[in-house]
Amino acid sequence: MLFWILSTWFGANLILQAAWMGLYGAPLDAQILFEAFGPYAWWIAGIEVFLWTILLIVASRRLFSKFRNSSSKHAHSRAVEPA
């Protein structure tokens, strides 16, 4: 699910950048965005940073739990040898 969220975000930014360059001939930069949103720009940036932090925490937890569970599921060869 994280992959689909990130790829959707990337695709939307790519399409927006292409449309902006088609209309105005110059790439969209952060200064233009901050001027367009006015006083709400820092709130929007803060929410985006918060969401990316949540996604990073969820992804790292899943990754660490996957590594931890994969190492505990393997049987040791000594346990299967006949006595």
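Taking LEU16 as the residue in question, decide whether it is outside any helix (DSSP H, G or I), surrounded by 11 or more Cβ atoms within 10 Å (Cβ to Cβ) and not charged (D, E, K, R).
Spelling it out, it is not the case that LEU16 is outside any helix (DSSP H, G or I), surrounded by 11 or more Cβ atoms within 10 Å (Cβ to Cβ) and not charged (D, E, K, R).
When the residues of the stretch 33-83 are filtered to those that are of a type in the set (Lys, Arg) and either in a helix (DSSP H, G or I) or touching a Pro at 6+ places or on another chain (Cβ under 8 Å) (or both), which remaining residue is modelled with the highest pLDDT?
ARG61
The values are calculated or read from the model by the stated rules, or taken from the named source; none is laboratory data. This one's a predicted model, so the numbers in the text were calculated from it and none came from an experiment. Every residue, glycine among them, receives a Cβ derived from its backbone with ideal geometry; neighbour counts consider all protein chains shown.
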